[in-house]
Structures are given as C-alpha cells and as structure tokens.
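Just below is one structure, and these are the notes that go with it.
What follows draws every value from the coordinates through simple rules; no lab data is involved. Treat the numbers as computed from the prediction; the structure is a model and nothing was measured. In this analysis, Cβ positions are derived from the backbone assuming ideal geometry, glycine residues included, and neighbour counts consider all displayed protein chains.
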C-alpha cells in the first residue's frame, strides 16, 4: 500500500470529459453467491468460504500478480482509512466486522470488495464524466467472474441482494461534482429537489451516510430494479448535463455580478493555505474548493487542477500520516497539514 503514495489516484487525474465540474465517475456492481446466506446471516465459516472462492476465481480470471490482496481484519485502522481516502474501499467495509477483504488492482483501475453488505462488490472509478467507459470495464470483469462464480439470480427479479434497493441489476452509477457556484448562489437546494423527482440521490465525498464538504457532491441512482444497466447510466447522462449548465450559469453570474467577492474568495484561499500554521481537513477542503473554482474560471493561473487534487488527497488524515510514517493526534495532524500545504504551495 505504501507504493500507492507516489502516484495520484486515477479518479483525481483532472482529465476526462467535463472535468472542470465532474471530478470523477464511478460504477459499483453488487453480487451474491448462490448457496451462501446473505451477509446479515453469514457465519464466519460462510465468510471464509466466500472470500476464498472469490479470491481463487479472480486469480483464474486475471492472475494473482495483478492484485493487492488486503484482509481488512488484519490491517491497521490507519491503512483502512488510507484505502477509503483513495476511494478503493467503502466505509461500510471498514466498519463491519469479521472476515472481509479487498482485491485491489495494482494500478487502482478497479477493486473487488468481499463480504461488505453483499458477498462481492466490483467497482471502478475514473476522472471526468465517463460512466459508459467505466461500465465497459466493470461489465467485462463481471462477465469473467461469472464463469467461475455461481451468482444468486432470479429470473423475474434479476440479481439478488441483501438490500432491496440493489435487487435487479445491482448497479450503482455515480458522479462526483464540484458545485461551488451553485452553493454560493444558494441554488443548490433546487438541484437537490429536482434530483429526487428522478430517483437520484445526493451524497457526500465518501458516498452513503457522508456529508458534502468542499462543495463536492456525489449523485447516484437510488434503485436498480426494473431498469437495465444502460437505462440507469442513461438517466444520469441525461440529467447531469443540466446540473453542469446550472453550475456554469452560476459561475458566469459570480464573475459578472460579484467579481470582487469572487476574487477575494480565491485570493484569501491562496493566502491562507500558503501561510496557515495549523488547519483542519474540512477547512482545507473548503479553501481547495475555492482554488479549484479560481483555476477553472481563469482567475488563478499558476496552479493546476492536478496540483490541487494532489494537495486534496495528501492533506487527508490517513495520507498525511502515511507520508510522515507515523500516527498523529488531531492537533499534530493540523500542524503538519499546514506545513505540508505551505511547503508545496510555496513551490508552485
């Protein structure tokens, strides 16, 4: 896992379609194995059997050397949080108990979580607005695994899941959007209301049960039953461009009608991040959001989105501690985060 520190996560590369607003796209596919109870009733023996059969099947399909095999119960809490910050595993996998694991593709192209809410969850993430491209990858992985794994399937309901909202395709498609202008103009609530009308959910940085910070919002489908995978992807593809249009209109409004306020927000963010002696992770995300906005609007020209993304990732609590090679309390993290930001923004 330490080897990952030297590279930026794939979803933070700052490229891909509509990457000025769409930070990343993600596909997650839930599957369960026939002959095993759902996770809520699975014994440790069941969990071990599921882990072993999924691991062997992945080896047969892709080769053992392609993965990092992570057994969560034997991994330090800091390393679990580190993988969460890289969006490789879910909070639910971290917080659950018993035998559970993750197969992480070494280039971080995709991950297979084992014994989370479902027996296995395949997910992949990329930079920009590219849900169809990611679906091709996830679908290929799923097809290969299905040659070795007996999936739990009903001819009328589709793929069965421990959670009713995942029954059917088992697909969750989501995009992470940066919407600072809609938030600043108080128009974001209108977007939330329109999302509910088309059965789309809005969540925070780490998905379900997380709160939006740094003007980052995840939008995803709420149900999978009764629709095909391509229909679910199309719903998002049809609706997201409307949100992008609203955000761009709000950015134009800020630039024309509140230009000095906008310039002040961006310059304050740069100044504070370059000089702060102690700073928390939430405040850091808030100011990095202003940097991102300023870069995409041509106000800040000496910092790139990739620079901001690297600062965003490395200033997260677990990444910060992994870089320093030791665990820190909150006060120590805030001091070292400020030092990291000063040193790195000072060289840009």
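List of remarks:
- Label-zone membership for segment 228-242, site residue 256, 7 angstrom Cα→C-beta point, backbone N under 11 Å: none
- Remark: the residue 306-residue 197 segment gains 35.8 nm on full extension, using 0.36 nm per residue and subtracting the alpha carbon distance.
- One decimal place: the segment residue 248-residue 282 gains 9.8 nm when fully extended, by the rule 0.36 nm per residue minus the C-alpha distance.
- Rg/Rh ratio calculated on Cα atoms of segment 111-154 (Kirkwood radius): 1.01
- For segment 148-239, the alpha carbon convex hull comes to 118 Å³ per residue, rounded to a whole number.
- The angle between the Cα long axis of helix 305-314 and the longest principal axis of the Cα atoms of the chain comes to about 60 degrees, rounded to the nearest 10.
- Take the Kirkwood radius over Cα pairs of the chain, plug it into Stokes-Einstein at 25 °C and 0.890 mPa s, and you get 116 µm²/s for translational diffusion.
- Binning the C-alpha pair distances of segment 1-54 at 5 Å intervals from 0 yields a P(r) profile of 4, 14, 16, 10, 10, 12, 14, 13, 7, 1 %, listed from the shortest bin outward.
- Fewest neighbouring Cβ atoms within 10 Å first, the residues 260, 187, 117 line up as 260, 187, 117.
- Order of 337, 26, 342 under a 10 Å beta carbon neighbour criterion, fewest first: 342, 26, 337
- The relative contact order of segment 258-345, computed from alpha carbon pairs under 8 Å that lie at least 6 residues apart in sequence, is 41 percent.
- Separation of alpha-carbon centers, segment 1-42 and segment 66-145, rounded to whole Å: 6
- Whole-angstrom Cα spans of segment 208-292 along principal axes, big to small: 53, 33, 14
- Alpha-carbon centroids, segment 175-204 and segment 280-316: separation in whole Å: 21
- Considering every alpha-carbon pair of segment 258-345, the percent of pairs per 10 Å bin, from zero through the bin containing the longest distance, is 18, 51, 24, 6, 0.
- For the chain, a Gaussian network of Cα nodes joined below 10 Å ranks 274, 144, 326 by mean-square fluctuation, and the top entry is 326.
- Among 161, 290, 57, the largest mean-square fluctuation in a Gaussian network model of the chain, built with springs joining Cα atoms closer than 10 Å, belongs to 57.
- Choice from 101, 181, 34 showing the highest fluctuation, given a GNM over the chain with Cα pairs closer than 10 Å: 34
- Residues 19, 6 in ascending order of nearby Cβ atoms (within 10 Å, fewest first): 6, 19.
- Nearest-ten-degree value, helix 281-296 long axis tilted from longest Cα axis of the chain: 70
- Rounded to 10°, Cα long-axis angle of helix 229-257 versus longest principal axis of the chain: 10
- Radius of gyration and Dmax over the Cα atoms of segment 1-132, both given in Å: 15.2, 47
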